[in-house]
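The values are calculated or read from the model by the stated rules, or taken from the named source; none is laboratory data. Nothing here was measured: the structure is a model prediction, and the numbers come from that model. Neighbour counts are summed over all protein chains in view; Cβ atoms, including those assigned to glycine, are modelled from backbone coordinates with ideal geometry. With ligands, DNA and RNA removed, areas are computed over all heavy atoms of the protein, side chains included. Shrake-Rupley method; radii C 1.70, N 1.55, O 1.52, S 1.80 Å.
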Amino acid sequence: MKKRAFILVVAVIIASVSFLYFLAHGISLENFKTNNNENNSQNSRTYVIVHANRSIIEGQDEHIEVRIVNPTNYKIDINVSDVPGQEPCVNTVPIGIVIYQGIYSYNNVSNATQLSIYPPVFCPVLPKVVKEELLPNSSTMKVTLNDGITKVLNASLNLWIHGYYIHSKEWKFYPLIGGHHYTIEVFTPVSQPMFVYFYVSP
C-alpha cells in the first residue's frame with residue numbers, strides 16, 4: 001500500500017514538472033493517427049509535429065512550424081482534397097492554419113470568428129493535384145499534377161504571423177494585439193485538427 005502511494009506521489013511530481021516545462025517553453029505537439037486513406041496494406045502510421053511560440057511581445061511575429069512525417073519504409077498515399085486555411089494560390093502543400101482571437105478548442109470552435117492571416121489575392125487557375133505521396137522515412141512528398149508535372153516538396157509549413165485581415169468595406173490589416181490570447185487551428189489530411197495557443201504581451 002505504501003509502495004503504491006509512493007509511486008502515485010512520484011507520478012504527480014513528474015506530471016507537475018512536465019506541465020511547468022511546457023508552460024515555460026514553446027508549444028510542441030505530436031499527433032499520431034493511422035492514415036485511413038493509404039492504399040498500402042501494411043499498417044502504416046503518419047504523424048504531425050507542430051511547434052509554435054507560447055508567448056510573444058506586441059510587435060513581434062508568432063512563428064509556427066508544421067511538419068508531416070512518414071516514419072515507415074514505404075510510400076503512403078494521402079488525401080488530395082482541399083485543406084482549410086491553405087496559403088492562397090498554393091495547392092501542393094496539404095497543410096493549412098486558421099487563427100482566432102481568444103481560446104478555443106473542439107468544444108467551442110464553432111463559435112469562433114476566423115481571422116484571415118493571408119492577404120486577399122487573385123489566384124490564377126492552378127493545375128489540379130491528382131496524387132500526393134509521402135516518401136519513406138521523411139517529411140518529403142511527391143506531388144503529381146493533372147498537367148503531367150511531378151514535384152518533390154517538403155511536407156511542411158514554416159510561417160511567421162504578423163497579424164490578420166478583416167473585411168468591412170475593404171480589407172484592412174490588424175497587427176496582433178497585446179494583452180490577448182490567440183488560438184491557431186492546424187489542418188492536415190492525416191490528422192484531426194490540432195489547436196495551439198499563444199499570448200501577446202503588451
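Listing for the model above:
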| item | result |
| --- | --- |
| Three principal axis lengths of region 111-161 [C-alpha, angstrom, descending] | 37, 30, 23 |
| Nearest-10 value in Å² for the accessible area of F187, using the 1.4 Å probe | 40 |
| Rounded percent of accessible protein surface that carbon and sulfur make up, region 58-180, 1.4 Å probe | 52 |
| Whole-number accessible area per residue in Å² for region 45-200, which is evaluated in the context of all protein chains at 1.4 Å | 52 |
| H167 accessible area, 1.4 Å probe, all protein chains in place, Å² to nearest 10 | 100 |
| For region 71-202, projected area of the alpha-carbon convex hull averaged over all directions, nm² | 9.7 |
| Net +/- balance of residues flanking V196 in space, Cβ distance below 11 Å, scoring K and R +1, D and E -1 | -2 |
